[in-house]
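The values are calculated or read from the model by the stated rules, or taken from the named source; none is laboratory data. From a predicted model like this one, the values you see are computed outputs, not experimental measurements. Glycine gets a Cβ as well: all are built from the backbone with ideal geometry, and neighbour counts include every protein chain shown.
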Amino acid sequence: MKATTLIGILIGIVSIFGAFLWEGGTIDALFMLPALVIVLGGTFAAAIAGTSWEQFKKFPSLIRLAFFPEKYNTTEIINQIVAFSAISRREGILKLEQRVKNAKHPYLRKFIEVCIDGGDPDTLDQIATLEINGLNNRHNQNISLFTKMGGYSPTMGIIGTVLGLISTLASAGSEPNVLIHHIATAFIATMWGIFLANIVWLPIADKLRYLHNEELVLVNIILEGVQAIQVGEIPVVIQARLISALPIKEQNKILAGSHARYVSPDSATKIYSAKEQNPQVQSNE
């Protein structure tokens, strides 16, 4: 399920605020504008000051990415790599020029195009290293933004509490209702600071880190597959190598779907396999 982050945050909101209402609290008591302004405004201000405006502008898109991440099908990508390897081995890598436009991942298309353009293994390795380093830097900056906000938010809550207590002491001797209002504002600021840090900002940072690790594994699988295509390894060996990066259950599903030998439904893979078994078999292409 893609929206696990959103579901988790909603469960947290319902659990925490639901328990508060269960104990006899009221919603109005939670939503005090001064406390929210201190916590949210202070957190955003610190995040902007601690990074850059260009980085902070990504905030809405990163929230959307954490809630609804784009999901690539690793099995389909491996299948396509094996199909490409069969075509390349039989007809040459230049035959992939038209097919690579339908690649199921941008990095698969880019790495194959490097090979088609005549790049040697060292060139491919250098380009892939630069791409992976750039991927790491971009993603770590995005993760760091929310990690920092998770640290700033409780501190802003404490600042709100201190300001509320100052107002409380300054109102000493006033009507009891005035004192109660200032005390409530003080504690509400702390609550929002801790709540936003532990239910929103830090979980989003963890989700972005999880997505980063997933993408890094997939990019390395793609690179391993393209390198194998480049040196002309046979499809069944490429398949065995690539699926080794997956959990054993997923490996078994792939092998079962391909009858433990043929992964791709692409006719090129089947024709290649038939030729391996019987050199007399001719292609209809």
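Worth a mention:
- Some residue of the stretch 194-205 being farther than 15 Å from L145 by Cα and of a type outside the set (V, I, T): yes
- Restricting the stretch 12-29 to residues that are among the aliphatic types (A, V, I, L, M) and modelled with pLDDT under 80, the residue that is surrounded by the fewest Cβ atoms within 10 Å (Cβ to Cβ) is I27.
- Top-ranked residue in the stretch 54-70 [being in a helix (DSSP H, G or I) and either modelled with pLDDT under 90 or among the polar types (S, T, N, Q) (or both); ranked as surrounded by the most Cβ atoms within 10 Å (Cβ to Cβ)]: Q55
- Matching residues, the stretch 141-161, being over 15 Å from A47 (Cα atoms) and either exposed (fewer than 15 other Cβ atoms within 10 Å of the Cβ) or without any contact (Cβ under 8 Å) to a residue 40 or more places away in the chain (or both): I158, T161
- Considered as a group, the residues in the stretch 71-87 that are part of a helix (DSSP H, G or I) and within 23 Å of the chain's Cα centre (by Cα) include one that is surrounded by the fewest Cβ atoms within 10 Å (Cβ to Cβ), and that residue is E76.
- For the stretch 97-108, the set of residues classified as crowded, with 16+ Cβ neighbours inside 10 Å, at pLDDT below 90 and in a helix (DSSP H, G or I) consists of R99, V100, listed by residue number.
- Filter result for L165 (farther than 30 Å from F59 by Cα, touching a Cys at 6+ places or on another chain (Cβ under 8 Å) and part of a helix (DSSP H, G or I)): no
- Scanning the stretch 218-240 for residues that are surrounded by fewer than 16 Cβ atoms within 10 Å (Cβ to Cβ), assigned to a helix (DSSP H, G or I) and either at positive phi or modelled with pLDDT under 90 (or both) yields V231, V237, A240.
- Residue satisfying all of: in the stretch 172-215; buried (at least 16 other Cβ atoms within 10 Å of the Cβ) and hydroxyl-bearing (S, T, Y); modelled with the highest pLDDT among these: T190
- Checking F111, F44 one by one, the residue that is in a helix (DSSP H, G or I), surrounded by 12 or more Cβ atoms within 10 Å (Cβ to Cβ) and out of contact with any helix residue (DSSP H, G or I) (no Cβ under 7 Å at 6 or more places or on another chain) is F44 and no other.
- The residues of the stretch 120-171 that are β-branched (V, I, T) and either within 20 Å of Y107 (Cα to Cα) or modelled with pLDDT under 90 (or both), listed by number, are T123, I127, T129, I132, T161, V162, I166, T168.
- Comparison of L135, L124 shows that the only residue that is outside any loop (DSSP other than H, G, I, E, B), crowded, with 16+ Cβ neighbours inside 10 Å and not β-branched (V, I, T) is L124.
- Residue ID - nearest to G150 (Cα to Cα), chosen from residues in the stretch 1-46 that are of a type in the set (F, W, Y) and out of contact with any Gly (no Cβ under 9 Å at 6 or more places or on another chain): F44
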